[in-house]
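Encoded as structure tokens, the structure appears first; notes follow it.
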Amino acid sequence: MIRHAIATDRDRVLLMARDFHRAAGLPFAFCPVTASMLFDAAVHDEDRLCLVYEQADGAPVGTLCAYAGPHLFAPVKVAQEIMFWIAPACRGRGARGMMQAYEDWARSRGCALVHMVGLGADPVTTAFYQRLGYEPAERHFFKALG
């Protein structure tokens, strides 16, 4: 089942955020306090989203977090993904439904575009997004300055 997150999902979503952060290989430490603030905003602000994908037993195994706002270069509203994570053992199920729920939410917020990030050059993720009609637009690069 895919549903909007509620306050009692916080701990499980934060664990998934930590796992997402680790898998992404981001060049900074995971911050549970910041992740918790993002979660709270997503639960309470109509222009923020936190979806939860749960198994039949009700255990959350996936999350998709996003926000809707104006694009920085044009007067158009865009939905921007913050995090999309499904536990590795549960992948292959639920991803399309989560994407559909995300796109439906973006339409309801008046967005003209939806944005997704693909970590690294993962061909599986790239093929999945392209099957859903997404086109590559740019690639992000990080350099740690420490």
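The values are calculated or read from the model by the stated rules, or taken from the named source; none is laboratory data. Keep in mind the model is a prediction, meaning the values are calculated, not measured. Neighbour counts are summed over all protein chains in view; Cβ atoms, including those assigned to glycine, are modelled from backbone coordinates with ideal geometry. Surface accessibility is based on the protein's heavy atoms, side chains included, excluding ligands, DNA and RNA. Shrake-Rupley method; radii C 1.70, N 1.55, O 1.52, S 1.80 Å.
For region 2-15, 3J(HN,Hα) computed residue by residue from phi via the Karplus equation (6.51, -1.76, 1.60; θ = phi - 60°) reads 10, 8, 6, 5, 10, 3, 6, 7, 3, 4, 5, 5, 5, 5 Hz, glycine and proline entered as x.
In region 35-106, Cα pairs under 8 Å separated by at least six residues give a relative contact order of 24 percent. Split the chain at each of the GluC sites (Glu not before Pro) in a DSSP loop with at most 16 other beta carbon atoms within 10 Å, and the longest piece is 47-137. The residue list ILE2, PHE73, GLY58 was ranked by how far each Cα lies along the charge dipole of the chain toward its positive end, using unit charges on Cβ atoms, and PHE73 comes out on top.
Summing Cβ point charges (Lys, Arg +1; Asp, Glu -1) relative to the Cα centre of the chain gives a dipole of roughly 260 debye.
For region 51-146, a Kirkwood radius taken over Cα pairs fed into Stokes-Einstein (20 °C, viscosity 1.002 mPa s) yields D = 146 µm²/s. The distance between label points at VAL33 and LEU145 comes to 2.2 nm (points 7 Å beyond Cα on the Cα→Cβ vector).
Using Cα pairs under 8 angstrom and six or more residues apart, how large is the relative contact order of the chain, in percent? Don't skip to the answer; put the middle values down first.
On the way: 185 pairs, mean separation 30.8, N = 146.
Computed over the chain, the figure is 21 percent.
DSSP beta bridges fully contained in the chain are about 85 percent antiparallel.
With the cut-off at under 12 Å, measuring from each backbone N in region 62-81 to a point 7 Å along the Cα-to-Cβ line of ARG93 picks out 62. Per residue, the solvent-accessible area of region 20-146 (1.4 Å probe, heavy atoms of protein chains only, all protein chains present) comes to 62 Å².
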